[in-house]
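The values are calculated or read from the model by the stated rules, or taken from the named source; none is laboratory data. This is a predicted model, so every value here is computed, not measured. With ideal geometry, Cβ positions are generated from the backbone for all residues, glycine too; neighbour counts draw on all protein chains shown.
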Amino acid sequence: MQLVVICIALFCASSVLGDEKYSSKYNKIDVQEIMKNERLLNAFLKCLIEGKGCTPEAEELKKILPDAVKTGCAKCTDEHKAAAKKFVSFLMKEKPQMWEKLVQHYDPDKTYRNKYKDLLKDAGFDV
């Protein structure tokens, strides 16, 4: 689930209003394992972008990702944010084509890329 909350979590605001969080059901997902396994990575991203072949974890992420992007990951747990930072960094540096497909799908008009640009730069990302 953290995979692309992953993409958003990096952009998360430091404070969260209210107690409502996304489910922590999948907090123990090994993001490192997904990143180092091309088959798992491709399957996860295929779910997020095309909606095909989704595991329960990817399906859950696919459901919450639009809201997480819109709200700056306000409902993310600390685990979501940490996994997101790790995964976004990996995609941007190691798999830029995959990153771009994901960003194009979830932010086609570049609203959120522009909104979170300074946060990404502050976190050390080349945007």
**Item:** Verdict on Glu79 being crowded, with 17+ Cβ neighbours inside 10 Å, at pLDDT 85 or above, out of contact with any helix residue (DSSP H, G or I) (no Cβ under 9 Å at 6 or more places or on another chain) and not hydroxyl-bearing (Ser, Thr, Tyr)
**Value:** no
**Complete:** Only one of Lys46, Lys95 is in contact with a helix residue (DSSP H, G or I) (Cβ under 9 Å, 6 or more places away or on another chain) and farther than 23 Å from Ser23 by Cα, namely Lys95
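State all residues of segment 108-127 that are part of a loop (DSSP other than H, G, I, E, B) and either among the polar types (S, T, N, Q) or in contact (Cβ under 8 Å) with a residue 40 or more places away in the chain (or both); if no residue qualifies, say none. Outline the logic, then answer.
Taking segment 108-127 and keeping what is part of a loop (DSSP other than H, G, I, E, B), we get 108-110, 116, 123-127.
Once the filter is applied, which keeps residues that are part of a loop (DSSP other than H, G, I, E, B) and either among the polar types (S, T, N, Q) or in contact (Cβ under 8 Å) with a residue 40 or more places away in the chain (or both), segment 108-127 yields Tyr116, Ala123, Phe125.
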**Prompt:** Given the conditions (1) part of a loop (DSSP other than H, G, I, E, B); (2) at pLDDT below 85, and given that Val5 satisfies all but one, which numbered condition is not satisfied?
**Reply:** (1)
**Request:** Given the conditions (1) part of a helix (DSSP H, G or I); (2) under 18 Å from Val31 (Cβ atoms), report the number of the one that Glu100 does not fulfil.
**Result:** (2)
**Message:** I'm checking my understanding of the structure. Among residues of segment 42-74 that are of a type in the set (Gly, Ala, Ser) and within 21 Å of Phe90 (Cα to Cα), which one is surrounded by the fewest Cβ atoms within 10 Å (Cβ to Cβ)?
**Reply:** Ala43
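I want to confirm something. Restricting to segment 82-97 and keeping residues that are charged (D, E, K, R) and either closer than 18 Å to Lys28 by Cα or in contact with a strand residue (DSSP E or B) (Cβ under 6 Å, 6 or more places away or on another chain) (or both), which single residue is surrounded by the fewest Cβ atoms within 10 Å (Cβ to Cβ)?
Applying the first criterion (charged (D, E, K, R)) to segment 82-97 yields 85-86, 93-95.
Within this subset, residues satisfying the condition of being either closer than 18 Å to Lys28 by Cα or in contact with a strand residue (DSSP E or B) (Cβ under 6 Å, 6 or more places away or on another chain) (or both) are 85-86.
Details: Lys85: 21, Lys86: 17.
In this case the residue turns out to be Lys86.
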**Asked** For segment 18-41, which residues satisfy the criterion of being surrounded by 13 or more Cβ atoms within 10 Å (Cβ to Cβ), at pLDDT 90 or above and not β-branched (Val, Ile, Thr)?
**Response** Met35, Asn37, Leu40, Leu41
